[in-house]
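Engineer: Quick one: the structure is below, and I'll ask about it shortly.
The values are calculated or read from the model by the stated rules, or taken from the named source; none is laboratory data. Fair warning: this is a prediction, and the values are worked out from it, not measured in the lab. Please note: Cβ atoms are built from the backbone with ideal geometry, for glycine as well, and neighbour counts cover all protein chains shown. Ligands, DNA and RNA are stripped out before the accessible areas are found, and what is left, the full protein with its side chains, is counted by its heavy atoms. Shrake-Rupley method; radii C 1.70, N 1.55, O 1.52, S 1.80 Å.
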Amino acid sequence: MKKTLLLALGAMMTLCANAEEKDSVQSNKPVFTIIKENPITSMKDQNRSGTCWDYSTISFFESEILKATGKTYDLCESFVANKTYMERAIQVVRYHGDCQFAQGGSAEDVLATLKNHGICPEDAMPFPGSLYGDSLNNFNEFFSLLEPYVAAISKSSAKKISNQWKVGLQGILDAYLGECPKEFVYEGKKYTPKSFMASLGINLDDYVSITSYTHHPFYTAFAVEVQDNWRFPLSYNLPMDEMMRVIDNAVEQGYTVAWGGDVSEDGFTRQGLAYAVDGKAAQSLRGSDMARWLKLAASKKRDIIDSLGCNVPEIVPTQEMRQERFDNWELTDDHGMLIYGVAKDQNGKEYYMVKNSWGETGDYKGVWYMTKAFIAANTMDFLINKNAIPKDIRKKLGI
């Protein structure tokens, strides 16, 4: 009997602790007030494919067209992927395999495709995944064929290779992504991809990339040294505070930002929030006497972040911090998203509203609320309309 009572008491204490934990999470959950929200197109899902660069930048250009013309388009990511993977394979072969062939890419890949090949609407090609019986992209089988194919050609011991490898590679691309149309009909009118691009009402020469690092002089341009920047596009290098001014000015003036950066940080949650967490301070607020933050299991860190919610303490990002994290591989280029608005929580802290490409997931149906500290700390680079840049900064850059 005594044992039964002790077990019951223990169970009640556990339930109470869990209830208190849930109440803490709920009371600290951010309540957002929108400050500025620019129009965006519908949510999409890249699913099991490394094509965030494609989805985020296509979404960016859809928003640019919407701002410029008032018209909503659904542009085709598969068209961009088909053209990009062929061009990347050609480069790998030219380098005899001494560079990376991978699913990832950059905003420049989309811009280069639009300039060199044009674009088509989504329904001018097969729906993602439909050619191999899936409902969305799944690149597991696709790239298990594509990667060794490119490796076999690029690392061949032959003294001379033929152009037939391109025919074979194009066959794989078309089998999994669909064949890029030479002509199509849209709203009753016949187009080629290039004539369709010309009809969309934007100037592709208006777009520039921005970054912020100290290993190159500020107000000059350089190719950010990450593997998926395989086209070596130049980014204008700004001090961190001016980089952030560009984003703020863009949103305020009705523009969106094709953002690339690091979402592997502990403060990026799957529920739709992102904080530049100060781990030591987070432990202190939680009243924990556990080991140092860096030694905690990922699940424990998530528990602390979730329980603190909008009260989670954040680091103050610095230029030096950005450079150190870039050089020691902490700051990585692993995801592309679309910044389109600003909101604040009940404490007055400001967040960027960011469109993801994981479908309507998380607490905000595909939208992530990412603090300005998180963006300042974790931005690799971003593509933007040069007209969204403050005039004084444009003058410094000579654009």
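Engineer: Return a whole-number percent for the relative contact order of segment 84-150, with Cα pairs under 8 Å and 6 or more residues apart as the contact set.
Structural biologist: 32 percent.
Engineer: Please go through segment 65-123 and write out the GluC sites (Glu not before Pro) that DSSP classes as loop and that have at most 10 other C-beta atoms within 10 Å.
Structural biologist: none
Engineer: What residues qualify as long-range amide H neighbours of residue 314, i.e. H under 5 Å apart, gap of 5 or more or another chain, H built at 1.01 Å from N?
Structural biologist: 278
Engineer: Be a star and scan segment 75-89 for residues whose amide nitrogen sits under 19 Å from the point 7 Å along the Cα-to-Cβ vector of residue 156.
Structural biologist: 86-89, by backbone N distance to the label point.
Engineer: Working out 0.36 nm times the residue gap between residue 182 and residue 91, then minus their Cα-Cα distance, what length gain in nm do you get to one decimal?
Structural biologist: That pair, residue 182 and residue 91, stretches by 30.4 nm at full extension.
Engineer: For segment 142-294, what class follows from the C-alpha gyration tensor (a ≥ b ≥ c being the square roots of its eigenvalues): rounded when a/c is under 1.5, otherwise prolate if a/b is larger than b/c, else oblate?
Structural biologist: prolate
Engineer: I would also like to ask the following. When the helix-only estimate is applied to the chain (DSSP H runs of n ≥ 4, each -39,500 (n - 2.57), divided by the residue count), what is the mean residue ellipticity at 222 nm, nearest 500 deg cm²/dmol?
Structural biologist: So the calculated ellipticity at 222 nm is -13000 deg cm²/dmol.
Engineer: Now, a different point. Answer rounded, prolate or oblate for segment 131-222, using the Cα gyration tensor with square roots of eigenvalues a ≥ b ≥ c: rounded when a/c is under 1.5, else prolate when a/b is larger than b/c, else oblate.
Structural biologist: The shape class here is oblate.
Engineer: Leaving ligands, DNA and RNA out of it, report the carbon-plus-sulfur percent of the accessible area of segment 127-205 at a 1.4 Å probe.
Structural biologist: Heavy-atom surface of segment 127-205 belonging to carbon and sulfur, 1.4 Å probe: 53 percent.
Engineer: Okay, next question. Can you tell me the equivalent ellipsoid semi-axes for segment 291-399? Use √(5λ) from the Cα gyration tensor, largest first, whole Å.
Structural biologist: Equivalent ellipsoid semi-axes, largest first: 27, 20, 15 Å.
Engineer: What does DSSP give for the chain in terms of the percent of beta bridges that are antiparallel, rounded to the nearest 5?
Structural biologist: 85
Engineer: With the other protein chains left in place, how much accessible area per residue, in square angstrom, belongs to the chain at a 1.4 angstrom probe?
Structural biologist: So the chain comes to 48 Å² accessible per residue, rounded to a whole number.
Engineer: Then there's this: Computing the accessible area with a 1.4 Å probe over protein heavy atoms, can you report the carbon and sulfur percentage for segment 316-373?
Structural biologist: Exposed carbon and sulfur together represent 52 percent of the surface.
Engineer: Compute the relative contact order of segment 153-292 as a whole-number percentage, counting only Cα pairs closer than 8 Å that sit 6 or more residues apart in sequence.
Structural biologist: The normalised contact order for segment 153-292 reaches 11 percent.
Engineer: Of 326, 374, 393, which is farthest on the positive side of the dipole of segment 316-399, counting Cα position, with +1 on Lys and Arg Cβ, -1 on Asp and Glu Cβ, and the Cα centre as origin?
Structural biologist: Among 326, 374, 393, the one farthest towards the positive end of the dipole of segment 316-399 is 393.
Engineer: With contacts defined as alpha carbon pairs under 8 Å and 6 or more residues apart, what's the relative contact order of the chain in percent?
Structural biologist: In percent, rounded to a whole number, it is 24.
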